[in-house]
Amino acid sequence: MLYFIEQCLNGVQLGMLLFLLAAGLTLIFGIMDLVNLAHGSLYMLGAYFAATFAGLTDSFVLGAILALIATLVVGMAVEVIAMRRLYGRDHLDHVLGTFGLILFFNEMVRLIWGPAGMTLSLPMEMLQAVEVIPGVFYPLYRLVIIGATLLVALFLYILVMRTRIGMLIRAGASNREMVGALGINIKLLYTLVFGLGAALAGFAGLMQAPILTVQIGMGENILILAFVVIIIGGIGSIRGAFVAAVLVGLIDTIGRAFLPDLLRLFFSTNAASNAGPAISSMLIYLLMALVLVFRPEGLFPAARK
Amino acid sequence: MADALLRIEGLTKRFGGVVASDGIMLDVAPGELHAVIGPNGAGKTTLISQLTGQLPPDAGKIQFAGLDITTLPTHRRSALGLARSFQITSLFLDLSVLDNVALAVQAHAGHSFRFWRDARSETQLREPARAALKRAGLEMRADLAAASLSHGEHRQLEIAMALAGKPRMLLLDEPMAGLGPEESARMVELLRALKREHTILLVEHDMEAVFALADRITVLVYGRVIASGAPETIRKDAEVRRAYLGEQDAEAVHV
Amino acid sequence: MTAQINVRSVFIAALLTVLALLPVYAALTGNYFLMTLFTRILILAIAATSLNLILGYGGMVSFGHAVYLGIGGYAVGILAKEGITSGFVQWPVALVVSALAALVLGALSLRTRGVYFIMITLAFAQMFYYIAIGLDRYGGDDGLTIYKRSQFGDLINISNKTQFYYLCFALLLGTIYLVWRIVNSRFGMVIQGARSNDRRMHAIGFPTFRYKLICFVIAGTLCGLAGALLANHTDFISPALMHWTRSGDLIVMVVLGGMASLFGPMIGAVALLVLEETLPILIGAVAAPFVGENATQAAEYWQIVLGPLFLMVVLFARGGINGLLAGARRG
């Protein structure tokens with residue numbers, strides 16, 4: 001039972017990470033109609049920046065802030081140099097162009113930071129575990145991740161639903177010409193939105209950096225999981241992304257932790273330990289397939305106005 | 001009229017609080033050209049969409065050639081011989097003009113799970129397609145890409161595609177929309193030639209064309225049929241004048 | 001059509017001639033490196049040609065096509081591991097399993113369109129990738145060596161490099177011929193119509209879903225064949241067969257060569273793989289005068305050039321090489 005609660009928290013934490021990536025992707029897609037495969041590269045950059053700046057400044061917090069700013073800047077630069085030219089084109093063009101960007105970023109990182117991964121150590125006070133409920137200890141840092149992401153989610157909600165910029169974002173999503181006609185600088189808006197998405201991905205990467213090894217290609221598998229989240233949640237919907245991210249995080253984590261044991265109850269130990277990992281890695285995709293059969297538009301399809 | 005080809009009974013469609021089709025009754029007899037007119041927002045497009053099966057009605061019945069087609073999907077209605085042309089040009093722009101029409105022929109030539117023979121050399125597809133192009137006055141354009149035609153020619157191609165399936169009835173959705181005076185005149189001539197051999201339901205804004213071509217006219221206002229009858233009757237109908245034509249004389253109006 | 005001589009057909013004829021004569025060159029010089037490389041190119045060209053059927057002609061942007069390379073490869077590898085080495089069993093199994101997988105994946109993903117379709121095909125391909133990693137008995141993450149290539153009795157000995165090369169060449173030509181027949185048939189017209197304007201296809205009476213699904217299955221099956229070939233070529237299978245970047249590579253081949261052109265994917269496969277082989281050398285040569293000793297190191301980073309090159313193709317050469325060649329006829 002205690003183990004179960006711990007796994008649930010792990011699932012929520014993975015969900016938070018997926019939400020940060022999926023929210024950026026879905027914003028960029030919803031507003032610019034752009035499929036950005038290189039989103040995972042920005043996640044990777046966030047982690048590398050964090051590891052580097054934290055090393056330079058000897059402060060995790062300072063490093064994190066600098067890393068966030070750096071990914072924001074890189075994101076906006078990428079938008080101005082490359083992405084801008086892809087708006088209004090075929091989705092196939094987006095896929096190919098951003099696929100090329102992934103190769104570029106991976107090699108760039110290898111050139112700058114070398115092929116070996118990096119590690120980022122946390123400050124001492126973050127390393128302890130807290131007793132979340134009697135008998136269950138959980139690493140403080142992972143709780144910090146969950147808390148920080150919830151704050152970001154709230155910030156996004158307020159930004160999109162309550163502010164003037166958010167209004168522009170929503171208007172841009174539904175009526176490009178109108179925003180242009182109102183005299184709003186749509187180019188700048190797009191650059192900002194892309195930068196915001198990049199910063200979200202960078203934030204996910206820098207938060208994750210102390211837990212994982214920072215390495216080349218770290219953004220790619222997680223990106224595909226973020227796609228699964230978007231498909232389940234519904235494209236263009238921040239709320240859908242949030243719910244689906246938590247769902248996917250929980251199912252994936254709990255499935256991996258418990259399914260092999262569950263199978264052992266029904267099949268021979270040998271068969272279960274053989275099939276267990278394969279089947280548990282399928283779970284979220286099966287969920288996606290189910291959603292596709294019953295709700296092809298996702299659980300929370302974005303309202304088209 | 002017991003043997004109407006198309007019979008619409010009590011067709012109703014609501015969008016939230018707006019009633020787009022309000023118990024529409026309409027009969028189209030075989031061989032007739034029946035025009036549906038009405039001001040903007042009268043529910044003409046909603047009516048067409050329900051007839052083609054793109055929009056399910058909330059209530060009412062659509063009968064075609066004696067069959068209840070109210071719930072049939074689009075492609076089944078098309079297979080029964082109910083062909084439509086689109087108001088907004090919707091063609092296969094990257095295929096050739098002849099390919100466009102040949103696809104329409106092919107749609108009515110059984111299933112298309114034929115993987116080997118070159119479809120572009122099958123005379124049973126190409127000949128009817130050429131014939132339909134000829135009737136629509138486009139035979140000289142057959143081998144061009146559809147994208148390279150003019151707006152008026154796109155409309156003609158729409159008609160050719162509708163003709164290609166040897167339909168029992170044509171649903172023409174504003175074939176004059178966006179045409180210049182010269183192109184309009186050519187389209188009227190084309191429709192005049194077609195009406196001898198086909199049953200046509202024409203939804204149109206162009207009053208001159210409608211009164212020149214129609215055997216009967218149905219007037220739609222706010223989703224409701226307010227009058228139906230021969231052009232002369234409609235022209236004189238007081239309610240039509242009041243609700244739709246305003247103070248002006250019918251012939252003078254171009255909406 | 002009259003036999004119009006243009007740059008494109010001359011180029012294709014020349015390329016085919018080179019491909020046909022390559023084993024002769026290898027036999028004369030004793031240099032088998034090129035032939036091994038080109039065997040791989042031919043196999044991936046089959047995969048790319050199959051992708052072109054749905055991507056180029058059908059407008060279905062599948063980002064998971066490498067999954068069938070994996071399924072075809074694993075069918076051969078798993079059967080070989082279990083002691084069944086007859087190609088007459090292995091290959092049909094590879095094709096049938098690929099077809100079934102394509103049927104299920106297609107039925108699910110073709111319910112959606114556009115960007116959904118791209119992401120879903122990518123996600124499902126990733127699922128198969130993870131399944132392969134989970135297959136401990138068959139090597140898991142590390143992959144599985146195939147000790148005996150598919151056996152075809154006296155018919156053909158594919159352990160012989162030259163025979164295997166010509167088999168791949170023949171199968172590539174066969175695949176191209178098949179795709180040519182299909183896209184010009186009634187079925188192919190429906191597929192192209194659906195690419196061009198799916199809504200209109202429904203309006204004129206085509207239920208396009210079932211046609212697209214069958215097309216998806218044909219493409220998957222053909223790619224499964226390429227997978228069976230690839231497993232035999234490398235004598236090895238691993239999850240990397242269906243890594244998502246491999247799906248990306250296949251798309252690049254199709255677009256680079258020229259979408260919806262018969263020989264485009266073959267040209268694209270040759271171009272991409274030759275580029276991958278020569279770019280490091282090229283970069284090394286360019287860098288040598290500046291960085292001297294470090295030139296070989298610089299050459300390692302060739303993907304820094306390749307990535308932006310994809311972007312350039314997207315932005316400036318959408319017709320691919322095929323389009324450039326067709327354009328050269330006028331100039």
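A few points about this structure:
- Test: residue in the range C:16-25 that is at pLDDT 95 or above and surrounded by 22 or more Cβ atoms within 10 Å (Cβ to Cβ): no
- Check on A:Phe300, over 16 Å from the mean Cα position of the chain (by Cα), aromatic (Phe, Trp, Tyr) and within 20 Å of A:Phe29 (Cβ to Cβ): yes
- Of C:Ile131, C:Ile156, all but one fail to be within 26 Å of C:Phe88 (Cβ to Cβ) and not charged (D, E, K, R); the exception is C:Ile156.
- Filter pass, C:Thr245 being closer than 25 Å to C:Asp141 by Cβ, part of a helix (DSSP H, G or I) and β-branched (Val, Ile, Thr): yes
- Scope the range A:240-291; condition at pLDDT below 90, among the polar types (S, T, N, Q) and assigned to a helix (DSSP H, G or I); matching residues: A:Thr269, A:Asn270, A:Ser273, A:Asn274, A:Ser280, A:Ser281
- Helices (runs of 4 or more DSSP H) within the range B:28-137 that include 3 or more residues within 14 Å of chain C (Cβ to nearest Cβ), surrounded by fewer than 18 Cβ atoms within 10 Å (Cβ to Cβ) and in contact with a strand residue (DSSP E or B) (Cβ under 7 Å, 6 or more places away or on another chain): none
- Filtering C:Tyr130, C:Tyr74 for residues that are aromatic (Phe, Trp, Tyr) and at pLDDT 95 or above leaves a single hit, C:Tyr74.
- Counting only helices (runs of 4 or more DSSP H) that sit wholly inside the range B:163-255, those with at least 3 residues that are under 21 Å from B:Ala42 (Cα atoms) and either charged (D, E, K, R) or at pLDDT below 90 (or both) are B:207-213, B:231-236.
- Yes/no for B:Leu179 being facing chain C (nearest Cβ under 10 Å), in contact with a helix residue (DSSP H, G or I) (Cβ under 9 Å, 6 or more places away or on another chain), without any contact (Cβ under 8 Å) to a residue 60 or more places away in the chain and closer than 29 Å to B:Gly31 by Cα: no
- Residue list for the range A:23-47, filter: closer than 20 Å to A:Phe105 by Cα, part of a helix (DSSP H, G or I) and out of contact with any Ser or Thr (no Cβ under 7 Å at 6 or more places or on another chain): A:Gly24, A:Leu25, A:Ile28, A:His39, A:Gly40, A:Ser41, A:Tyr43, A:Met44, A:Ala47
- Set side by side, the residues A:Ala47, A:Ala67 differ, and just one is in contact with a strand residue (DSSP E or B) (Cβ under 9 Å, 6 or more places away or on another chain) and small (Gly, Ala, Ser), which is A:Ala47.
- Which listed residue is under 23 Å from C:Ile191 (Cβ atoms) and out of contact with any strand residue (DSSP E or B) (no Cβ under 8 Å at 6 or more places or on another chain), from C:Val96, C:Val89: C:Val96
- Screening the range C:114-125 for residues that are among the hydrophobic types (A, V, I, L, M, F, W, C) and more than 7 Å from chain A (Cβ to nearest Cβ) and picking the one that is nearest to C:Trp244 (Cα to Cα) gives C:Ala125.
- Taken over the range C:11-44, the criterion of being in contact (Cβ under 8 Å) with a residue 40 or more places away in the chain, among the hydroxyl-bearing types (Ser, Thr, Tyr) and part of a helix (DSSP H, G or I) is satisfied by C:Thr36, C:Thr39.
- In the range A:276-292, the residues that are more than 7 Å from every other protein chain (Cβ to nearest Cβ) reach residues that are among the small types (Gly, Ala, Ser) with C-beta atoms within less than 7 angstrom, at least six apart or across chains, in these pairs: A:Ser280/A:Gly255; A:Leu283/A:Gly255; A:Val291/A:Gly298.
- Matching residues, the range C:234-245, being out of contact with any strand residue (DSSP E or B) (no Cβ under 8 Å at 6 or more places or on another chain) and surrounded by fewer than 21 Cβ atoms within 10 Å (Cβ to Cβ): C:Thr234, C:Ala240, C:His243, C:Thr245
- Flag if C:Phe128 is of a type outside the set (Gly, Ala, Ser), within 11 Å of another protein chain (Cβ to nearest Cβ) and not in a helix (DSSP H, G or I): no
- Scanning the range C:81-104 for residues that are closer than 29 Å to A:Val291 by Cα, surrounded by 24 or more Cβ atoms within 10 Å (Cβ to Cβ) and within 12 Å of another protein chain (Cβ to nearest Cβ) turns up nothing.
- Residue count for the range A:136-153 satisfying the condition of being of a type in the set (A, V, I, L, M) and within 16 Å of the chain's Cα centre (by Cα): 7.
- Note on the range C:277-316: among residues that are outside any helix (DSSP H, G or I) and touching a Leu at 6+ places or on another chain (Cβ under 6 Å), the one that is farthest from C:Tyr57 (Cα to Cα) is C:Tyr301.
- Inspection of the range C:213-224 finds no residue satisfying the criterion of being away from chain B (no Cβ under 14 Å), surrounded by fewer than 24 Cβ atoms within 10 Å (Cβ to Cβ), modelled with pLDDT of 95 or more and within 19 Å of C:Thr39 (Cα to Cα).
- For C:Ala269, the criteria (1) part of a helix (DSSP H, G or I); (2) under 30 Å from C:Ala219 (Cα atoms); (3) within 14 Å of chain A (Cβ to nearest Cβ) hold in every case but one, which is (3).
- Within the option set C:Arg137, C:Arg111, C:Arg149, being facing another protein chain (nearest Cβ under 9 Å) and either under 18 Å from C:Leu230 (Cβ atoms) or in a loop (DSSP other than H, G, I, E, B) (or both) holds for one residue only, C:Arg111.
- Complete set of residues in the range C:166-209 that are more than 11 Å from chain B (Cβ to nearest Cβ) and either buried (at least 22 other Cβ atoms within 10 Å of the Cβ) or small (Gly, Ala, Ser) (or both): C:Cys168, C:Ala170, C:Leu172, C:Gly174, C:Thr175
The values are calculated or read from the model by the stated rules, or taken from the named source; none is laboratory data. Note that this is a predicted model, so its numbers are computed, not measured. Glycine gets a Cβ as well: all are built from the backbone with ideal geometry, and neighbour counts include every protein chain shown.
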